[in-house]
Amino acid sequence: MNEDAKRIFQRDRRPHLFRPWTVRSVTLRNRIVLSPMCQYSGSDGMPNDWHFGHLAARAVGGTGLIFTEATNVEPRGRITPQCLGLWNERQRDAFARIAAFVSAQGAVPGIQLGHAGRKASITRPWEGSRPLAREEACWDAIAPTSEPYDERFPPPIAMDASTIADVLAATARASRLAREAGFKVVELHAAHGYLIHEFLSPVVNTRTDAYGGPLIQRARFLLEMIDAIRSEWPMDLPFFVRLSCTDWIEGGWTLDDTIALARLLAARRDVDLIDCSSGGIAPRQQMSIHPGYQVPFARAVRERSGMATAAIGLIHTADMAEEIIANGAADLVALGRALLADPYWPINAARALRGQVDWAVQC
C-alpha cells in the first residue's frame, strides 16, 4: 500500500445507515424510517391522493420503511374529523393502492394503528387544536377516567368493560384490514398522551380496578391490544410499539417504567421493536428539546431490555443518523421533519456518507 494512502482518512463505503435490517420475514433496504405524521387531510377516515403523494414520494426518495400516519381503529378514535381510519373495506382498498406502490419502489409499507382517547374530537392544528363544538359534529371521547386533557376539553367517558371490549374488537378488525391491504409492518401507537398511553401513565390512570394501580395492571390494556393485533397479524410479520419513554412530569411515567415494560414485551416475543418517543400526556410537561434529545431513550431501552429500538426526535443530518446506528444507540432512525422537507433525504444522505446511491424504480 502507498504510504500516503495510509494517512488518508477514508469513510466506510458501506455506511451503517444503509445496511439492510431483517426482522422476522421482512428485510428493510436501509435503517431509515418515515415516522408516522398526521396529515389531517382525509374524509371519513379515507386516505386520498394527498396521502398517496406524501407516502409515495418518500418511497421514491429511498426511505426503507414507510409508515402511514396514525390510523385510527374506530371513528371516535380520530384526533380530528380529517384523520385517517381503518374500520371498513373502502378504507382498506384505498390503503392497498398506497401499499402496493410503496412496495414496488423497494420500500416496506407500514401502518401505525392508534386511538386518540381523551385527546379526540378537536380541530386541526392550523385551526387551533381546540375541542369541536356540537355544531361541528363533535363526538364523545373515551379514556381510562373522566378527567379531561385540560380545562378546555369536555370530560371523556370513563371506559367500562364493554367499552374496552369494543376497542379491542375494533383493533383486531383494523389489523385484519391492514394485512389484507398489503402492509408488512404494524406499529401500535402507545405514546403521546393517546388512549394506550393514558392507561400506562399514573398521571391519567387513577383506576382502582384490574386496569389501574401498579405498572403491570396499568399495562394490561396495552397487552390486550397487542393480543388483539396478533390475533389477526401473522407471526412472520413485524410488530412495533411506539412508547413515550417519559412523561416529563414529576410522578409520571418514567424511563425506568419504559425499560420494565420493554423487558416484559421482550419476554412475550411478539413485539419486535420499541419506537422511542416521549411526552404528550398533559400540558404541564416540562421538555428540553434539541437535536437528538430522545436518542438516549432508544439507547437505554436497547441496552437494558435487549429490545430493538428506533430513535426519533430532530434527527436531521446524515452524519447524525449514521452515528446513531454505527454506535449502537438504535437499530433504526425515524425521521419526520427532515423527510417532510426533503423526500429525497435518503439519496442525499447516501451521497453525503459516500455510500451507494439507489435510484427509484420507474414503473
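The values are calculated or read from the model by the stated rules, or taken from the named source; none is laboratory data. The structure presented is a predicted model; accordingly, all values stated were derived computationally and were not measured. Counting neighbours? That spans all protein chains shown, and the Cβs are built from the backbone with ideal geometry, glycine included. Only protein heavy atoms, including side chains, enter the accessible area calculation; ligands, DNA and RNA are left aside. Shrake-Rupley method; radii C 1.70, N 1.55, O 1.52, S 1.80 Å.
Structure notes:
- Filter pass, R263 being open to solvent by 30 Å² or more (accessible area, probe 1.4 Å), of a type in the set (K, R), within 18 Å of N30 (Cα to Cα) and without any contact (Cβ under 8 Å) to a residue 60 or more places away in the chain: no
- Which numbered condition D236 fails, given (1) outside any loop (DSSP other than H, G, I, E, B); (2) open to solvent by 10 Å² or more (accessible area, probe 1.4 Å); (3) not basic (K, R): (1)
- Only listed residue being modelled with pLDDT of 95 or more, open to solvent by 10 Å² or more (accessible area, probe 1.4 Å), not hydrophobic (A, V, I, L, M, F, W, C) and not in a strand (DSSP E or B), chosen from T246, T258: T246
- Answer residue from the stretch 318-336, given it is part of a loop (DSSP other than H, G, I, E, B) and touching a residue at least 12 places away in the same chain (Cβ under 8 Å) and is surrounded by the fewest Cβ atoms within 10 Å (Cβ to Cβ) among those: G328
- Filtering the stretch 71-114 to residues that are within 22 Å of P144 (Cα to Cα) and of a type in the set (D, E, K, R) leaves E74, R76, R78.
- Residue satisfying condition, being touching a residue at least 40 places away in the same chain (Cβ under 8 Å) and either open to solvent by 50 Å² or more (accessible area, probe 1.4 Å) or within 19 Å of the chain's Cα centre (by Cα) (or both), within set E127, E187: E187
- Of the candidates A100, A143, A116, the single residue that is surrounded by fewer than 14 Cβ atoms within 10 Å (Cβ to Cβ) and of a type in the set (G, A, S) is A100.
- Pair list, Cβ under 7 Å, 6 or more apart: the stretch 212-228 residue free of Cβ contacts under 8 Å to residues at least 24 places away in the same chain, other residue part of a helix (DSSP H, G or I): R218/F199; R218/L200
- Residue match in the stretch 53-64 (condition: in contact with a Leu (Cβ under 7 Å, 6 or more places away or on another chain) and assigned to a helix (DSSP H, G or I)): yes
- When L339 is tested against (1) farther than 28 Å from E198 by Cβ; (2) among the aliphatic types (A, V, I, L, M); (3) open to solvent by less than 10 Å² (accessible area, probe 1.4 Å); (4) not in a helix (DSSP H, G or I), exactly one condition is not met: (4).
- Lone qualifier among R269, R263, R304 - being out of contact with any helix residue (DSSP H, G or I) (no Cβ under 7 Å at 6 or more places or on another chain) and either hydrophobic (A, V, I, L, M, F, W, C) or over 24 Å from G336 (Cα atoms) (or both): R269
- Being open to solvent by less than 10 Å² (accessible area, probe 1.4 Å) and either charged (D, E, K, R) or closer than 27 Å to A334 by Cβ (or both) is a property that does not hold for V108.
- Inter-residue pairs, beta-carbon under 6 Å, first closer than 23 Å to G213 by Cα and in the stretch 139-152, second modelled with pLDDT of 95 or more and of a type in the set (K, R), 6+ apart: A141/R118; A143/R118; P144/R207; Y149/R118; Y149/K119
- Counted residues, the stretch 146-184 - those being farther than 21 Å from I226 by Cβ, open to solvent by 30 Å² or more (accessible area, probe 1.4 Å), part of a loop (DSSP other than H, G, I, E, B) and in contact with a Ser or Thr (Cβ under 9 Å, 6 or more places away or on another chain): 3
- Residue match in the stretch 336-355 (condition: within 17 Å of A191 (Cβ to Cβ) and at pLDDT 95 or above): yes
- Test result for E136, at pLDDT below 95 and open to solvent by 10 Å² or more (accessible area, probe 1.4 Å): yes
- Candidate set: the stretch 266-298, residues that are within 15 Å of A191 (Cα to Cα) and not in a loop (DSSP other than H, G, I, E, B); chosen: the one most open to solvent (accessible area, probe 1.4 Å): F297
- Here G106 fulfils each of the conditions (1) over 19 Å from the mean Cα position of the chain (by Cα); (2) assigned to a strand (DSSP E or B) apart from (2).
- Residue match in the stretch 78-99 (condition: farther than 27 Å from V33 by Cα, part of a helix (DSSP H, G or I) and within 22 Å of the chain's Cα centre (by Cα)): no
- On inspection, D358 does not qualify as surrounded by fewer than 22 Cβ atoms within 10 Å (Cβ to Cβ), within 19 Å of E187 (Cα to Cα) and of a type outside the set (G, A, S).
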